[in-house]
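The values are calculated or read from the model by the stated rules, or taken from the named source; none is laboratory data. Remember, it's a predicted structure, so these values are computed and weren't measured experimentally. As a convention, Cβ positions derive from the backbone with ideal geometry for all residues, glycine included, and neighbour counts pool all protein chains shown.
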Amino acid sequence: MMAVDFASSDASVVKSIRQRDLLNCWLRLYAPAQTLPRMDAYRPERLDDERADLVNYIVDHTYAPQRLIIDSNGTRMASAYGSTGKGRYLDDYLGPILGPVVLPAYHNCIARRLPTYTISKIDDVHGHIVAYERPSRISSHR
């Protein structure tokens, strides 16, 4: 697995207004008891704007490190990879090339029990560098 360093920061590092709304909602729910928010309480104002980009996962704790099962049909994921992957393990879905690049953010999120936010610089189809922002957050299903 690829080693990635994560630094603690505040919400100001999140550039996208829609992404910051998702984070701020999570933080408001987390703050009172410093515990994971309940999934049924997580209702950001801009959730409908982000629904096509969101992917939900189930954390399978029977593995070390934990594995993530894709539990939703994110339409952008289906467009990018050709299928939603619902019901599959994320590492299997991503494969041996993308898995080691993507999974550290999720493992960090699970280990810290805090949101993880990554910004990757990637080339678009025209060869221009684009910042790809990707938040990871967990909530309790209780």
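Annotations
- Restricting the first member to region 55-74 and to residues that are more than 14 Å from C109 (Cα to Cα), and the second to residues that are part of a loop (DSSP other than H, G, I, E, B) and among the hydrophobic types (A, V, I, L, M, F, W, C), the beta-carbon pairs closer than 7 Å and six or more apart or on different chains are I70/V55; S72/L54; S72/V55; G74/L54; G74/V55.
- Residues of region 119-132 satisfying the condition of being modelled with pLDDT under 70 and charged (D, E, K, R): D124
- Single residue of L22, L47, L103 found to be farther than 23 Å from F6 by Cβ and of a type in the set (A, V, I, L, M, F, W, C): L47
- Criterion violated by G95 - all others in (1) of a type outside the set (A, V, I, L, M, F, W, C); (2) at negative phi; (3) out of contact with any strand residue (DSSP E or B) (no Cβ under 8 Å at 6 or more places or on another chain); (4) in a helix (DSSP H, G or I) satisfied: (2)
- Screening region 78-112 for residues that are hydrophobic (A, V, I, L, M, F, W, C) and more than 29 Å from T35 (Cα to Cα) and picking the one that is surrounded by the most Cβ atoms within 10 Å (Cβ to Cβ) gives L94.
- Candidates are the residues of region 28-51 that are of a type outside the set (D, E, K, R) and surrounded by fewer than 15 Cβ atoms within 10 Å (Cβ to Cβ); the one that is nearest to G74 (Cα to Cα) is L47.
- Residue within region 106-113 that is of a type in the set (K, R), within 28 Å of V130 (Cβ to Cβ) and assigned to a helix (DSSP H, G or I) present: yes
- Restricting the first member to region 104-118 and to residues that are over 12 Å from L68 (Cα atoms) and of a type in the set (V, I, T), and the second to residues that are part of a helix (DSSP H, G or I) and modelled with pLDDT under 90, the beta-carbon pairs closer than 6 Å and six or more apart or on different chains are T116/A105; T116/N108; T116/C109; T118/A105.
- Residues of region 2-45 classified as touching a Leu at 6+ places or on another chain (Cβ under 7 Å) and part of a loop (DSSP other than H, G, I, E, B), total: 4
- Residue tally, condition among the aliphatic types (A, V, I, L, M) and farther than 16 Å from R18 by Cβ, over region 42-59: 2
- Residues that are at pLDDT 85 or above and at negative phi within region 76-92 comprise K86, R88, Y89, L90, D91, D92, listed in sequence order.
- Qualifying position, being modelled with pLDDT under 80 and of a type outside the set (V, I, T), among N73, N56, N24: N73
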